[in-house]
Amino acid sequence: MADATKLAVKSEPKATTPAPSTVRPTPFESLRNEVDRVFDAFNLGAWRLPFSRHGLELEMPWSRSGSWDLTPAVDVAEKPTNYEITAELPGMDEKDIEVKLSNGTLTIKGEKKEETEQRHKDYYVSERRYGSFQRSFPVPEGVDAAHIEASFAKGVLKVTLPKTADAQRNDKKIAIKAA
């Protein structure tokens with residue numbers, strides 16, 4: 001990864017309480033909502049499941065914000081000396097990505113613009129698509145926020161969150177007893 005480009009990680013001071021707009025559902029809530037939406041899309045008619053939503057509450061594909069889904073695939077790994085967040089961002093440039101640390105939350109934002117144009121003798125096709133994404137991760141205790149680094153190479157963003165010396169020493173293995 002010799003040709004990786006370093007990205008700046010913006011840091012903001014911690015606030016006492018998070019803003020309501022930054023509170024996001026947990027991954028399990030998001031998964032449940034998505035599964036519910038898929039099953040609701042089958043339109044079960046008059047037979048309703050006890051916890052299903054009313055037909056008027058369904059999110060139809062055409063009622064979305066007009067952008068296509070850009071949520072990147074992300075891997076989070078804990079290593080002995082650091083945490084690593086790796087995001088796949090194919091077709092994006094480092095100038096289109098922002099990594100920010102604020103209120104104990106690491107946020108990765110990006111915007112993708114895609115324009116294609118085909119001119120031939122008999123026809124002309126021009127397409128434009130725009131979309132943005134934002135992924136946020138709570139930063140665990142024991143991370144040295146001053147030394148967080150981000151690099152971008154070949155469509156992959158890698159954010160390294162180094163652990164403090166105390167956090168590296170505090171690992172303790174717990175023995176499991178037979179019941």
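Being loosely packed, with under 10 Cβ neighbours inside 10 Å, at pLDDT 60 or above and among the β-branched types (Val, Ile, Thr) narrows it down to one residue among Val38, Val74, Val23, Val9; which is it?
Exactly one of Val38, Val74, Val23, Val9 is loosely packed, with under 10 Cβ neighbours inside 10 Å, at pLDDT 60 or above and among the β-branched types (Val, Ile, Thr), namely Val38.
Examine segment 129-138 for a residue that is in contact with a strand residue (DSSP E or B) (Cβ under 8 Å, 6 or more places away or on another chain), surrounded by 11 or more Cβ atoms within 10 Å (Cβ to Cβ) and within 16 Å of Ala4 (Cβ to Cβ), and state whether such a residue exists.
Residues of segment 129-138 in contact with a strand residue (DSSP E or B) (Cβ under 8 Å, 6 or more places away or on another chain): 129-138.
From the residues that got through so far, the ones that are surrounded by 11 or more Cβ atoms within 10 Å (Cβ to Cβ) too are 129-137.
Going one step further and asking which of them are within 16 Å of Ala4 (Cβ to Cβ), we end up with none.
Within segment 129-138, not a single residue is in contact with a strand residue (DSSP E or B) (Cβ under 8 Å, 6 or more places away or on another chain), surrounded by 11 or more Cβ atoms within 10 Å (Cβ to Cβ) and within 16 Å of Ala4 (Cβ to Cβ).
Which residues, taken from segment 117-146, are assigned to a strand (DSSP E or B) and either closer than 24 Å to Lys10 by Cα or at pLDDT below 85 (or both)?
Keep residues of segment 117-146 that are assigned to a strand (DSSP E or B), which gives 117-119, 124-138, 143.
Result: Arg128, Arg129, Tyr130, Gly131, Ser132, Phe133, Gln134, Arg135, Ser136, Phe137, Pro138, Val143.
Filter segment 98-143 down to residues that are free of Cβ contacts under 8 Å to residues at least 60 places away in the same chain and among the acidic types (Asp, Glu) and give me whichever is farthest from Ala73 (Cα to Cα).
If we take residues in segment 98-143 being free of Cβ contacts under 8 Å to residues at least 60 places away in the same chain and among the acidic types (Asp, Glu), then Asp122 is farthest from Ala73 (Cα to Cα).
Within the set of pairs 6+ apart or on separate chains, which have a first residue in segment 15-43 that is assigned to a helix (DSSP H, G or I) and of a type in the set (Phe, Trp, Tyr), a second that is surrounded by 10 or more Cβ atoms within 10 Å (Cβ to Cβ) and at pLDDT 60 or above, and C-beta atoms under 8 Å apart?
Filtered contacts from segment 15-43: no entries.
The values are calculated or read from the model by the stated rules, or taken from the named source; none is laboratory data. Remember, it's a predicted structure, so these values are computed and weren't measured experimentally. Cβ coordinates were reconstructed from backbone atoms using ideal geometry, including for glycine residues, and neighbour counts include every protein chain displayed.
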